[in-house]
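All of the numbers you see were taken from the coordinates with simple rules; none came from a lab. Everything quoted here is computed from the prediction, not taken from an experiment. Positions of Cβ are backbone-derived with ideal geometry, glycine not excepted, and every protein chain shown enters the neighbour counts.
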Amino acid sequence: MKLTTENKQLTRLAELIQSERDHLFRYACYRVGSAAEADDVVQDLYLRLSKQGARLSEIEDLKGYVYRSLANSCASALRSRRQFATTETLDTLSSDDLAPKDFEQEFRLIERLMSHLPDEQSEVIRLRIYGGRQFDEIASICNIPLTTAKSRFRYGIDKLREALEKRGLI
Amino acid sequence: MKTNNNLDNFPDIRVVNLLTPHFTPTTSLSFKAPAPRPRPLWQAVRISAVAAMIAVAVFIGISGVQTSTAREVVERAMTQLLESDNYLVQFTANVTENKNSWELYDLDFEGTPMKGTVEISKEESKVRMAIKWQDKSRSMELYDGESYRRYQNGELVLERPHGGIDLTSLASLEKLKAYAVAMGLMLKFSEEGDVISVSTRGDKVGIVARFSKSEGRLLGAECSGPYNGQQVTVLTVDRIDFDVPPAE
C-alpha cells in the first residue's frame, strides 16, 4: 500500500520518539518528578505532535522541535500543579542529602540544586545531563549560539560548586 | 583567576556527578506509526469512543487525579463521546469533598465510591449537563449553558455564571481521529461473547472500555491509575444510554 505524506511523517515522528524515548522520559522524569507523570507527558507530546500530520514535513529539525516541545510540556505540567510546590533550598541541604537512596530523594536533591540556578542555565544542564543532548543540539533547541550553550553549562556547574563549597558540602 | 587544570575541574566533576541520575525509573512506552490501512466506518466510530476515553486517561495523568474534579473528567469524557443529542451516563467515582473550589467533589484514589448520573442534552448551540450525585443531600450540579447551579435536597444552594460546556473541541472529530490514528496501535482488543474489550496502557493510567458487538455501541468503561503500588479504579462508566430525553 502506498504511504501518504501524512503516514510518512507519522512514521518519521514515531521512529524518532521511539529512538529518543529513554532520553525524553528521563528528561521528563527529572523535571516533573514522577515516572507516571513523565510517561503521560511524553505520551501526550506524541499525540499532540501526531495531530500535525503532514505538516510535520515542514519542520526541518524535528528532534530539536520535539525536545523544545517536551520542555514546554513539562513547564506547563508544573504550572498546572496546585500542590507539591517545593520550598527547599540549598541552605537546608545536608551531606546525607547528597547520597540519595532512591529516585524520590535523587529528584529532590536535583530540584534543590537546580533551584539555585537561573532558568537558562538549569535548562541547558537538564538537556545535557537528562536529555543526553550534545551542545550543538542544545544550541539549536534553545536557539542560542554554541558557545553560549557551553558557557551556560559551565557557569551553572561553577555556581553550584561555589555554593556547595561555601556550605562545606564538597 | 580561573584555570583549566585538572585540579580546578575536579569539583566540577563532583557537581556533575551529583546531578547525574542513578535511579531513573524505566518506561514501557512504545511508539509505532499507525498502519496505513483504511478502517471500516463501524471500527472508526468504535475507536473514536475509545480515543475519547484515552483522552480522559491522558488528562488525569497530566493533571494528577488529586487536582481534577469529577466534573472535569466526566465532562471531558462525555464531551468527546457526544455523538447523540441526549444521553444518560451512569457512573461510579471515588470522590472526596472539594473544600477549595466551587466544585462539589474531587476524584481521589483514597476517595469513597459514589454513584451518580450525567445527563447531557444538546439544544442548538447550548449544551446542558446535569450531574446527579447519590449522596445524602441528593446533590445535583447543573450546567445549562449560562450558569452553574447546585441543588441539595431539591433546594438551590449555589448559583454562579458559567460559560457552559464548550463542545467546539468536539468539532473535533478531527481531534478524535488524531487520537485514534495516533493511538490505533496501542489498543488491545479482546473478545468474549458479545463483548469486545479495548484496553490501553498496561500498568499505567489506563482505560478499559467495553462494547457490545451486536449493538455496536459503548457499554461502559473504567479509568484507573497506579497508586501505592496498585492499579486503582477511580472512575467507572457503568452504563451509557443514548437518545434519552433529559429529566427535569
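Things to note:
- Electrostatic bookkeeping for A:Arg12 treats Lys and Arg as +1 and Asp and Glu as -1; over the other residues with beta carbon under 11 Å from its beta carbon, the sum is 0.
- In this structure, A:Lys63 and B:Phe23 have a Cβ-Cβ separation that, at R0 = 22 Å, corresponds to a calculated FRET efficiency of about 0.25.
- Spacing of the two label points (7 Å from each Cα toward its C-beta) at B:Asn153 and B:Thr233, in nm: 3.3 nm
- Length added when fully stretched, A:Arg154-A:Gln18, from 0.36 nm per residue minus Cα-Cα: 45.9 nm
- Taking every C-alpha pair closer than 8 Å and separated by at least 6 residues, the mean separation divided by the residue count of chain A gives a relative contact order of 23 percent.
- Contour excess over end-to-end distance, with Cα ends at A:Asp96 and A:Asp119 and 0.36 nm allotted per residue: 5.7 nm
- Ordering of A:147-159, A:22-34 by packing [mean C-beta count within 10 Å, highest first]: A:22-34, A:147-159
- Here's how it looks for B:Asp108: its modeled amide H is under 5 Å from those of B:Asn94, B:Val95, B:Thr96, which are all 5 or more places away or on a different chain.
- Rounded to the nearest 0.05, the FRET efficiency derived from the C-beta distance between A:Glu165 and B:Asn98 at R0 = 45 Å is 0.45.
- Using the Stokes-Einstein relation with a Kirkwood hydrodynamic radius computed over Cα pairs, the translational diffusion coefficient of region A:93-167 at 20 °C and a viscosity of 1.002 mPa s comes to 164 µm²/s.
- Average beta carbon contacts from partner chains per residue of A:105-117, 10 Å cutoff: 2
- If you look at the Cα atoms of chain A, you get an Rg and a Dmax of 17.9, 66 Å.
- Chain A: DSSP helices with Cα axial extent of at least 24 Å and average Kyte-Doolittle hydropathy no lower than -1.0: A:5-32, A:62-80, A:146-166
- Counted charge near A:Leu127, where neighbours are those whose Cβ lies closer than 9 Å (Asp, Glu -1; Lys, Arg +1): +1
- Distances between placed amide hydrogens fall under 5 Å for B:Tyr227 paired with B:Val232, all partners being 5 or more residues away or on another chain.
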